[in-house]
1. May I ask you to list the residues in the range 255-278 that are touching a helix residue (DSSP H, G or I) at 6+ places or on another chain (Cβ under 7 Å) and surrounded by fewer than 13 Cβ atoms within 10 Å (Cβ to Cβ)?
2. Could you tell me which numbered condition residue 47 fails, if it satisfies all but one of (1) at pLDDT below 85; (2) surrounded by fewer than 19 Cβ atoms within 10 Å (Cβ to Cβ); (3) assigned to a helix (DSSP H, G or I)?
3. Keeping to the range 3-29, report how many residues are outside any helix (DSSP H, G or I) and touching a strand residue (DSSP E or B) at 6+ places or on another chain (Cβ under 8 Å).
4. Look through 92, 69 and report the one residue that is free of Cβ contacts under 8 Å to residues at least 60 places away in the same chain, within 24 Å of residue 125 (Cβ to Cβ) and surrounded by 13 or more Cβ atoms within 10 Å (Cβ to Cβ).
5. Suppose the filter is modelled with pLDDT of 95 or more and closer than 23 Å to residue 159 by Cα; does residue 206 pass it?
6. I'd like to know if the range 254-268 contains one or more residues that are outside the structural domain of residue 156 (by TED's automatic domain parsing), in a loop (DSSP other than H, G, I, E, B), on the phi > 0 side of the Ramachandran plot and under 23 Å from the mean Cα position of the chain (by Cα).
7. Looking at the range 203-224, I want the residues that are within 17 Å of residue 238 (Cα to Cα) and have a partner that is surrounded by fewer than 17 Cβ atoms within 10 Å (Cβ to Cβ) and at pLDDT below 95 with Cβ atoms under 6 Å, at least 6 apart or on another chain. Which pairs are those?
């Protein structure tokens, strides 16, 4: 069973630690267990309860009224919100199924969301925020790798399926968008997402996926034209990222290079041909507003 600290709860629920303590003391709500050190510790079930409570709290319910509800009543109110267009409620549904490793419930929820909202809205408003929360748990060692792989595999499969269903590029002679992640970066969903957005908007892409060596990338770029180069970096790669991107931009100054992901926010001075894509919304906008001409 997973164990979470009050700081984990604070980050995931967007509720300050002192507020959580106040709820516990004043309303006997979400009472934590204690270690021998007297530090609070929460189980997966506690986390799910706090996520539901925080959802109601952030959606205008007074905590004094929430405290009077039974756990079953709280679950019912959240379930009703899931039947409406409430992105946060959908993310909560996915989190609960993911924590429980309930494949059927998770995949059923994903399928229903895609049917209701379409792939684009699900990616921007639901799947990416959900995966960011899972990432927080994974980085703090409170989600086992199997849980992260479990949820990622299902979402990855849906993006690939949606991409395969797209029409071919409008201009098949235009140079492609080259999409990859450097050696040492293994997260693929952001790459699949940007590949989907560019393909959705009629562009050709060359998709190399994650964990690509610089030598392999250069071997391609030295022999083939490219409209732009796109990479996404979440974790620390096997080399200094500033140095890596500096070498890439210097080797191909005529190419526009885009980088997204948390690692991009810590870059130093940027080369003239390098642009940081800070959000999935910007990623989508780039694909929608970029136009290429035939080679």
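The values are calculated or read from the model by the stated rules, or taken from the named source; none is laboratory data. Owing to the predicted nature of the structure, the values given are computational and were not obtained by experimental measurement. As a convention, Cβ positions derive from the backbone with ideal geometry for all residues, glycine included, and neighbour counts pool all protein chains shown.
1. Passing the criteria: only 268.
2. (2)
3. Total satisfying the criteria: 3.
4. Exactly one of 92, 69 is free of Cβ contacts under 8 Å to residues at least 60 places away in the same chain, within 24 Å of residue 125 (Cβ to Cβ) and surrounded by 13 or more Cβ atoms within 10 Å (Cβ to Cβ), namely 92.
5. The answer is yes for residue 206.
6. Within the range 254-268, one or more residues are outside the structural domain of residue 156 (by TED's automatic domain parsing), in a loop (DSSP other than H, G, I, E, B), on the phi > 0 side of the Ramachandran plot and under 23 Å from the mean Cα position of the chain (by Cα).
7. So the pair list comes out as 210/186; 211/186.
Residue-wise test of (1) out of contact with any helix residue (DSSP H, G or I) (no Cβ under 7 Å at 6 or more places or on another chain); (2) on the phi > 0 side of the Ramachandran plot.
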| site | (1), (2) |
| --- | --- |
| 5 | yes, no |
| 10 | no, no |
| 14 | no, yes |
| 66 | no, no |
| 79 | yes, no |
